[in-house]
1. Mean residue ellipticity at 222 nm from the helices of the chain, using -39,500 (n - 2.57) per DSSP H segment of n ≥ 4 over the full residue count, to the nearest 500 deg cm²/dmol?
2. In a GNM of the chain with a 10 Å cut-off on Cα contacts, which of 186, 272, 197 has the highest mean-square fluctuation?
3. Could I have the simple spin-label model distance between residue 276 and residue 257, label points 7 Å from Cα toward Cβ, reported in nm to one decimal?
4. Residue 188 to residue 16: extension gain in nm, 0.36 nm per residue of separation minus the Cα-Cα distance?
5. Report the calculated FRET efficiency for residue 89 and residue 50 (r = Cβ-Cβ distance, R0 = 35 Å), to the nearest 0.05.
6. Just to confirm my numbers, what's the Cα centroid distance between segment 217-250 and segment 122-196 in Å?
7. Once you have the Cα-Cα distance between residue 119 and residue 210, take 0.36 nm times their residue separation minus that, and quote the gain in nm to one decimal.
8. With bins 10 Å wide starting at 0, give me the P(r) of segment 96-203 over every alpha carbon pair, in whole percents.
């Protein structure tokens, strides 16, 4: 594993003009170290719990709870037909109290409160803890829990994740390593997208021999409170929470065109429609995808008038709505 490049004293301009264009992970030191929430987290676990509870609106959030036997690894049962944890609905305050209650337990249940919409659950948090590298319109999402491991997975958006309390180890792999990461099921997933079947902390190279290639290209970073990590869209990332109480805030943006159509939905549609065709048919369709979608030979609409509104060129907002309606009808 390689160390993710470390950046210090990064401001808004440098982030957007230097870091993002590299399309590489970046470990950005102390970008939110000034936050009141981070200062509370550095003080003590009780202090960060009290701080978050002070701003809690008591709306219900999603929680994952795993038996101590899973050792904090949110994953699958051996059959791959069920997940190895349960889902529950709790308030933020109840979840935080539970984390405090078991923080000294040597063999605790694994608990993770995931994808908490901060603007709904803690409406005044963002104003008090502003992200200096992004526009205010990009809202924060909060993740908290105890010691746990999330298998490598990908996001369709760019991601800036910041540690508020505790420590988190991130392990990243480039998108082109998908074949060497042995993705799991597409429909039943721990968090909405496929995860790698490989335990990156203890890889079974007999069962997953190609992982050795991915491991050689993997990158890691250990984030302290106040640190952030930039994860470009579609980079695989596994996350290990290392303390009894860990809090992380992340921001998603980009990764989609202005049509609002998810690339991941398009991938799933293509898997249903093309993946099981004969090899010669798949190869024929590959040429069409290269031409129209990936544009490996340049812009596919160069031979058409520049002001023509079409899928091959650009769609008007009315046409976008018409195409979405058409596709929805075709999928019934």
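Laboratory data are not the source of any read-out in this text; all were calculated from the coordinates shown. The shown structure was predicted, so the numbers you read here are calculated from the model rather than taken from an experiment. Neighbour counts are summed over all protein chains in view; Cβ atoms, including those assigned to glycine, are modelled from backbone coordinates with ideal geometry.
1. Mean residue ellipticity, 222 nm, calculated: -6500 deg cm²/dmol.
2. Top of the fluctuation ranking is 272.
3. 2.8
4. Result: 58.4 nm gained on full extension.
5. 0.95
6. Centre-to-centre distance over Cα atoms comes out at 7 Å.
7. Full extension from residue 119 to residue 210 adds 28.6 nm.
8. The calculated distribution, bin by bin, is 11, 35, 35, 18, 1.
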